[in-house]
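Engineer: Quick one: this structure, given as structure tokens, is what I'll be asking you about.
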Amino acid sequence: MLMTSSLKRGLMAVALAGVTTAVAGAQSFTPGVPTPPPNDYCTSGPFSHTAGPVKVHVAVDDIKSGPAARVVIRLYDETGDVVASRNSTIPAGHTLTLDYMGAGRTELLRAQAEITDVRRTSSVRRRAVGQVERDIDGFTIPIDFECGPGETVGGGR
């Protein structure tokens with residue numbers, strides 16, 4: 001069967017698109033090299049704060065021999081501005097704390113943390129957990145939140 005020149009050009013374009021897609025895919029995936037796990041993200045629910053200290057704790061719960069993790073903790077106000085932050089690389093099983101005294105007025109705050117495995121590998125049981133501690137008239141009020149891979153989960157309980 002004879003092919004018209006326009007049909008030949010069309011088939012060549014489809015073949016070229018397939019080769020381009022295969023090459024692009026090969027650049028993003030290398031056989032034998034594991035894909036890095038997504039970062040863990042945690043976000044507390046919003047909470048009101050008037051006076052006294054606020055502490056945000058984030059722990060990397062894992063076996064002691066697990067890899068270190070890069071932890072970034074941020075405290076946001078009601079407009080989405082960062083009012084306090086702290087970041088550090090911490091060993092597996094350790095906790096990082098952010099301390100905040102407040103602006104001297106009533107604020108609506110929320111805590112957020114991002115956890116990145118330094119070696120991009122971790123044990124099966126590894127997870128990140130967090131807690132906000134508020135001091136109200138001398139009483140410490142804890143608000144727990146949990147972290148999930150590549151997504152925001154949790155909220156005050």
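The values are calculated or read from the model by the stated rules, or taken from the named source; none is laboratory data. Keep in mind that what you see is a predicted model, and the values were worked out from it rather than measured. Quick reminder, even Gly has a Cβ in these numbers, built from the backbone with ideal geometry, and neighbours come from all protein chains shown.
Engineer: When ASP62 is evaluated against the numbered criteria (1) in contact (Cβ under 8 Å) with a residue 60 or more places away in the chain; (2) touching a strand residue (DSSP E or B) at 6+ places or on another chain (Cβ under 7 Å), which criterion, by number, is the only one it fails?
Structural biologist: Failed condition: (2).
Engineer: Has the range 60-71 got at least one residue that is in contact with a His (Cβ under 7 Å, 6 or more places away or on another chain), at pLDDT 75 or above, at negative phi and not in a loop (DSSP other than H, G, I, E, B)? Quick ask: steps written out before the conclusion?
Structural biologist: Let us first name the residues in the range 60-71 that are in contact with a His (Cβ under 7 Å, 6 or more places away or on another chain), namely 60.
From the residues that got through so far, the ones that are at pLDDT 75 or above too are 60.
The next check asks that each one be at negative phi; those that pass are 60.
Filter again for not in a loop (DSSP other than H, G, I, E, B), leaving 60.
Among the residues of the range 60-71, at least one is in contact with a His (Cβ under 7 Å, 6 or more places away or on another chain), at pLDDT 75 or above, at negative phi and not in a loop (DSSP other than H, G, I, E, B), which makes the answer yes.
Engineer: Starting from residues that are of a type in the set (Gly, Ala, Ser), more than 23 Å from THR79 (Cβ to Cβ) and surrounded by 12 or more Cβ atoms within 10 Å (Cβ to Cβ), keep the ones in the range 107-157 and report whichever is modelled with the lowest pLDDT. Please lay out each step first, then the result.
Structural biologist: From the range 107-157, those of a type in the set (Gly, Ala, Ser) are 111, 113, 122-123, 128, 130, 138, 148, 150, 154-156; that's our starting set.
Filter again for more than 23 Å from THR79 (Cβ to Cβ), leaving 122-123, 128, 138, 148, 150.
From what's left, surrounded by 12 or more Cβ atoms within 10 Å (Cβ to Cβ): 122-123, 128, 148.
Numbers: SER122: 59, SER123: 67, ALA128: 83, GLY148: 73.
Here the answer is SER122.
Engineer: What about GLU114, is it under 19 Å from ILE143 (Cα atoms) and outside any strand (DSSP E or B)? Give the steps one after another, and end with the answer.
Structural biologist: Working: under 19 Å from ILE143 (Cα atoms): yes; outside any strand (DSSP E or B): no.
Taking the combined requirement at face value, the residue does not satisfy it.
Engineer: Another question, then. Which residues, taken from the range 72-93, are in a strand (DSSP E or B) and not hydroxyl-bearing (Ser, Thr, Tyr)? Let's see the steps before the verdict.
Structural biologist: Pass one, the range 72-93, residues in a strand (DSSP E or B): 72-76, 82-90.
Answer for the range 72-93, where residues must be in a strand (DSSP E or B) and not hydroxyl-bearing (Ser, Thr, Tyr): VAL72, ILE73, ARG74, LEU75, VAL82, VAL83, ALA84, ARG86, ASN87, ILE90.
Engineer: Output the residue which, of all residues in the range 84-106 that are under 17 Å from HIS49 (Cβ atoms) and hydrophobic (A, V, I, L, M, F, W, C), is surrounded by the most Cβ atoms within 10 Å (Cβ to Cβ).
Structural biologist: Per the criteria, the residue is LEU98.
Engineer: Quick check on my filter: what residues within the range 94-109 are acidic (Asp, Glu) and not in a strand (DSSP E or B)?
Structural biologist: So the first thing to find is which residues in the range 94-109 are acidic (Asp, Glu), and the list is 99, 107.
Those that are acidic (Asp, Glu) and not in a strand (DSSP E or B): none in the range 94-109.
Engineer: Still on this structure, I have one more. Of everything in the range 59-83 that's within 19 Å of MET101 (Cβ to Cβ) and aliphatic (A, V, I, L, M), which residue is surrounded by the fewest Cβ atoms within 10 Å (Cβ to Cβ)?
Structural biologist: Result: VAL82.
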